[in-house]
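Notes follow the structure.
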Amino acid sequence: MKSISPTGNPHFELMAHHLMNVAIELFAAYDLPIEHCPALEGKGLGPETYCMSSIGYVGRGVRGVLILAATRAAAEAWTSAAGGMDCDLVDAVGEFSNMLLGRLKGRLLREGIPISLATPMTVIGDGLRISVAPGASSWQLFEGPGWHLGTRLDAAFEPGFKPEQTQAAPAEAGDAILF
Amino acid sequence: MTARVMVIDDSMLVRRQVSAALKTPGYLVTEAIDGVDALEKLAGLTDMKLIVCDVNMPRMNGIELLERLSAQGSVVPVVMLTTEGQPELIQRARSLGAKGWIVKPFKPEFLVATAAKLAPLGS
């Protein structure tokens, strides 16, 4: 579960930077403060991993996957905070990964990197592991109140990839627009 | 008096959140897991006053559902509730007759205010 170093790819570093920010913002919106743990960077949650949700994405000249990994305590905390006490943890982790990548999509659109998203696929069980991805890949780990979560961003860029001209600003999380 | 609302989302968590928000002021809520399920349930319900619909769903997504409802001549107002915020997508939904667009995670008070405007209780 080690990362391939993304160092030297400014586009990937930009994506990873936005991912860190949107992760903190998303969980804060549910009153679940999390802190980035740079000291633990470079690998996933290890044997603590209980849920993983992955969503594929594709843009012009870039494609990859976002993975959200959670301990059991984390998945239970998120489900409870979202008011879904009777909901399946798989469903809750899948929806949080969906919201996470949705927020990242908005940030990337502002950077001239439009992407389209697939629907989440979530697995649950003890000791989950995931293969190393081709291209750039990095884990970011976060600590919440009594639990941990990890995000892994994989991205493969086509040669000569360049962001497009920035388009109109996307709607942000929490926005409500009536036509 | 009350009004019936349909909530369409492939996530049970979101359906529960939306249902809880709308049941509090008195709406009757019918849930559907995607566009296909929604069309089947709508065929048997004549009193629907509002639809709250996700965009990214398996089988039939929210934009495809809007196309189908538009082709059927449906007059039930539809509000999209999604993680998506892309202007082209919002414009596409608007052109298909959607009445609103809310980006997740939503504030329950915004959703209830939107419902009250498009489907007032007692209407």
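Each value in this text was obtained by applying a stated rule to the coordinates, not by laboratory testing. Since the model is a prediction, treat every value here as computed from it, not as a measurement. With ideal geometry, Cβ positions are generated from the backbone for all residues, glycine too; neighbour counts draw on all protein chains shown.
Peptide A:94-102 is shielded by partner chain Cβ atoms: per residue, an average of 5 of them sit within 10 Å of its Cβ. Rounded to the nearest 0.05, what FRET efficiency do residue B:46 and residue A:118 have when you use their Cβ-Cβ distance and R0 = 25 Å? So, using R0 = 25 Å, E works out to roughly 0.10. Springs between Cα atoms under 10 Å define the GNM used for chain A, and in it the highest mean-square fluctuation of A:151, A:119, A:71 occurs at A:119.
With θ taken as phi - 60° and the Karplus curve 6.51 cos²θ - 1.76 cosθ + 1.60 applied, the whole-hertz 3J(HN,Hα) list for region A:18-29 is 5, 4, 4, 5, 6, 5, 4, 5, 4, 6, 4, 5 Hz, x standing for glycine and proline. Going by neighbour counts of Cβ atoms within 10 Å, the residues A:116, A:137, A:53 line up, fewest first, as A:116, A:137, A:53.
Give the shape of the protein assembly as shown as rounded, prolate or oblate, defined through the alpha-carbon gyration tensor: a ≥ b ≥ c are the square roots of its eigenvalues, a/c under 1.5 means rounded, and otherwise the shape is prolate if a/b is larger than b/c and oblate if not. Prolate. Comparing A:75, A:156, A:29 in a Gaussian network model of chain A, where Cα atoms under 10 Å apart are tied by springs, the biggest mean-square fluctuation is seen for A:29. Computed from phi, the 3J(HN,Hα) profile of region B:48-58 under the Karplus parametrisation 6.51, -1.76, 1.60 (θ = phi - 60°) reads 6, 9, 7, 10, 10, 9, 5, 9, 7, 9, x Hz, with x in place of Gly and Pro. For residue B:28, the residues 5 or more places off, or on other chains, whose built amide H falls under 5 Å of its own are B:3, B:4, B:5. Percent of Cα pairs in region B:6-118 per distance bin of 5 Å, from zero to the largest separation: 2, 12, 26, 28, 21, 9, 1. Cβ crowding within 10 Å, taken as a proxy for footprinting-reagent exposure, orders B:16, A:72 from fewest neighbours to most as A:72, B:16. Across region B:9-14, coupling constants 3J(HN,Hα) worked out from phi with the 6.51/-1.76/1.60 Karplus curve, θ = phi - 60°, read 7, 6, 9, 4, 4, 5 Hz, and Gly and Pro carry x.
Sorted ascending by nearby beta carbons within 10 Å, beginning with the fewest, A:107, B:94 become B:94, A:107. Using a cut-off of 18 Å between Cα atoms, the listed pairs B:23/B:49; A:105/B:104; B:41/B:104; B:49/B:107; B:41/B:107; A:162/B:104 include B:41/B:104; B:49/B:107; B:41/B:107; A:162/B:104 as exceeding that distance. Classify chain A as rounded, prolate or oblate from the Cα gyration tensor: take a ≥ b ≥ c as the square roots of its eigenvalues, call it rounded if a/c is under 1.5, otherwise prolate when a/b beats b/c and oblate if not. Verdict is oblate for chain A.
Helical content alone sets the calculated 222 nm signal of chain B at -12500 deg cm²/dmol, taking -39,500 (n - 2.57) per DSSP H segment of four or more residues and averaging over every residue.
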